[in-house]
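K.L.:
Below you will find the structure I want to go over with you.
What follows is calculated from the coordinates using simple rules that are stated; it is not laboratory data. Keep in mind that what you see is a predicted model, and the values were worked out from it rather than measured. Neighbour counts run over all protein chains shown; Cβ positions are idealised from the backbone, glycine included.
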Amino acid sequence: MSFNEDSTNNGWGASESTNDPPAGGAWGVGDMQDALGESEEPKPGPPPLPFEHLEAPKHEWVEPTQYNYTEDSSVEWDGNARVYHWDGVEGDVGPEYPELEAQIFGKPEDRSKPGEQFDKIAQIEVQQEGMTRIVPIKTFETAGLHPIMLKNVQLCGYKTPTPIQRYCLPAIKMGHDVIAIAQTGSGKTAAYLLPILNHLMGKAKKLAAPRPSPEDILGDYTPVRAEPLVVIVVPTRELAIQIFMEARKFCYRTMLRPGVAYGGGPLRDQIHQLGKGCDILIASPGRLIDLMERPNVLTLRRVKYMVLDEADEMLASDWEEELDKILSGGEQEEGNIKYMLFSATFPAAVRNLAKTHLAESHVRIRVGRIGSTHENIKQDIIWVDHTAKRQAIVDLIFTLEPGRTIIFVNSKRAADELDDHLFQKKMPVTSMHSDRTQREREDAMRAFRTGKAPILVTTGVSARGIDVKNIRHVINYDLPSVDHGGITEYTHRIGRTGRIGNRGTAFSFYTERDEPLAELLAFTLLEMKQDVPDFLQQYVPEGYDADTKKLKFEPDSDECEEEPAGGSGDAWGASDDAPAGDSWGGGGEPSAAGANNGTWGASDDASGGNTFGGGGDSFGGGAAVASW
């Protein structure tokens, strides 16, 4: 396979066929516009190139490694990773196991650390709605955690709870069903794992199903049927493995045994692992349905907690029928399960799922604006002619200091071609997309996490939920199209960096083909106090003075879908006779500041105007928001 190297290009903004600027300084005046005729008002010229063309990296990267595609019976599967297995007769915790502890938590210097900008994350506004007010925790030490669970939190390197954790830990501890809408990189996984596992710790012997002893597992034993107490459903294989790895940490020295099941992985191995006993099952929808249809392998009759992580993504991927079967198709006693929905957006499909399965007294928590990002990610939008992208990506990488870098493209073919192109440039690169075998996907992620291949070229399959420490850069080689994710997909992609208070940088190549995304892209930059490049200045609202209310995100999105005129009572929190609106709680006139409307604000001293019930366009705007 060979590629054009764009060797005639001196700059990113010029086409391959010429080094001269376009006539009149207008953008994109190439073959297509010549055929269609010039626009009536010429666009401003492209901005100056951000840096020079380079023939070699400025800094030293690790050596690239050729991937071995040969079959190997000794291949490592992440789902077979060792877990702490304790089935003692006395007490509710097991002894320390230094060797396994080092393997699960890693070296102290490699553990999670809040970044220098954690205070910006901690200050993000949190809003809650429901019949019960949740008093947030301040520290993990005051969260009522079991001493062993608190020790596991410390071993993970967690110092201060994130906003979503501050509210979810007490809400789940109080026994509420929970809907949490939080930004990517906000610590959602620990927000539900910690309180759920902490609650089950002392009850494992009473609630958990029988399983082989550790001594039996070392020899011959009869596999048991898996009867998990917790089921966590996620949309992607990589996210399932990632949450399993986190569950291994929090289950250390408890009687709770985690397990994972996902499509593409070896079914036989997964059934073998479940046969050792499973209290916490993390699974993708398809593989979970498959196992549910094997009653000798899995039953959900003991389930106490059901968690849907990235619920919006699963519903957008046509998993609605499967999710209904998972949520209601087990042998559980009605009302005996606590449901948790965690998501970054809140479309109508998620609302409908919640109304069907969650208790009426559930708690809703929102961190920041739905679908937003945060200021710790420096966003740099760069105009690049689409014919010059391949040279531009090389110049950009050659300029960067070595560090984990994710490059997003929009197609599997583009991922393969760009991977090959960068490898030919002697860069330590790997790639991943949905057509790769599961072994190749796991090998790619392992090489990326360990730094063996610190550059990962991938499609949107890696845009959600993937949490790899110290990702310094995200590059949108292709910006997502408005028909395939749009600004929400963009937010998820750049959210792979700048996590838990650390800084990160997101570069995005913008071409004339990305114009449908331009307005929302400009709004996102304004909201996060980023510089708006000249070619996006035309989309800045007139008279904008840092008033984010002037930024209208996704005006046609069903995140704020209106009910039919007159209201049907289906709007969240709307009474039967309440007028419909564009908020969670239906419509109606704004509540009076400080009015007792059944909602709770972000802080103790918040006025009613700033709470979920504070206005017609806010969460719960309407007097009867506490009831459906």
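K.L.:
Amide H to amide H under 5 Å from Thr65: which residues, 5+ apart in sequence or cross-chain, H placed 1.01 Å off N in plane?
P.N.:
Under 5 Å from the amide H of Thr65 lie the amide H atoms of Val429, each far enough along the sequence or on another chain.
K.L.:
Through the Karplus equation 6.51 cos²θ - 1.76 cosθ + 1.60, θ set to phi - 60°, convert the phi angles of the stretch 265-279 into ³J(HN,Hα) values in whole Hz; use x for Gly and Pro.
P.N.:
With the stated coefficients, the stretch 265-279 comes to x, x, 4, 4, 4, 5, 5, 4, 5, 5, x, 8, x, 8, 9 Hz.
K.L.:
Using per-residue counts of other Cβ atoms within 10 Å, averaged over each peptide, order 266-275, 385-394, 243-252, 419-428 from highest down.
P.N.:
In decreasing order of mean packing, 266-275, 385-394, 243-252, 419-428 become 243-252, 385-394, 419-428, 266-275.
K.L.:
Step through the residues of the stretch 394-401 one at a time and calculate ³J(HN,Hα) from phi using the Karplus curve (6.51 cos²θ - 1.76 cosθ + 1.60, θ = phi - 60°), rounding each to whole Hz and writing x for Gly and Pro.
P.N.:
Residue by residue, the stretch 394-401 yields 5, 4, 5, 5, 4, 7, 6, 6 Hz.
K.L.:
Cross-link list Lys173/Lys529; Lys58/Lys469; Lys389/Lys469; Lys276/Lys355: which exceed 26 angstrom alpha carbon to alpha carbon?
P.N.:
Those over the limit are Lys173/Lys529; Lys389/Lys469; Lys276/Lys355.
K.L.:
Please list, ordered by chain and number, the residues whose modelled amide H lies under 5 Å from the amide H of Lys378; skip anything fewer than 5 residues away on the same chain.
P.N.:
Long-range HN contacts for Lys378: Gly504, Thr505, Ala506.
K.L.:
List every residue whose amide H lies under 5 Å from the amide H of Lys425, counting only residues 5 or more places away in sequence or on a different chain, with H placed 1.01 Å from N in the peptide plane.
P.N.:
So Lys425 has HN proximity to no qualifying residue.
K.L.:
On a full-extension model of 0.36 nm per residue, what is the gain between Thr399 and Lys529, subtracting their alpha-carbon distance, rounded to one decimal in nm?
P.N.:
Result for the pair: 44.3 nm of gain on full extension.
K.L.:
Follow-up. Show me, for the stretch 150-167, the HN-Hα J-couplings you get by feeding each phi into the Karplus relation (A = 6.51, B = -1.76, C = 1.60, θ = phi - 60°), rounded to Hz, glycine and proline as x.
P.N.:
Going residue by residue, I get 4, 5, 5, 4, 5, 5, 6, x, 6, 9, 10, x, 6, x, 5, 6, 4, 9 Hz, with x marking Gly and Pro.
K.L.:
Which of rounded, prolate, oblate describes the stretch 119-367, given a ≥ b ≥ c as roots of the alpha-carbon gyration tensor eigenvalues and a/c under 1.5 marking rounded, otherwise prolate only if a/b is larger than b/c?
P.N.:
Note, shape of the stretch 119-367 comes out oblate.
K.L.:
Could you give the length gained on full extension between Leu150 and Thr65, defined as 0.36 nm per residue of separation minus the Cα-Cα distance, in nm?
P.N.:
Separation in residues times 0.36 nm, less the Cα-Cα distance, equals 26.6 nm.
K.L.:
Further question: Using +1 at the Cβ of each Lys and Arg and -1 at the Cβ of each Asp and Glu in the stretch 373-546, identify which of Leu536, Phe523, Phe408 lies farthest towards the dipole's positive end.
P.N.:
Final value for the positive-end residue is Phe408.
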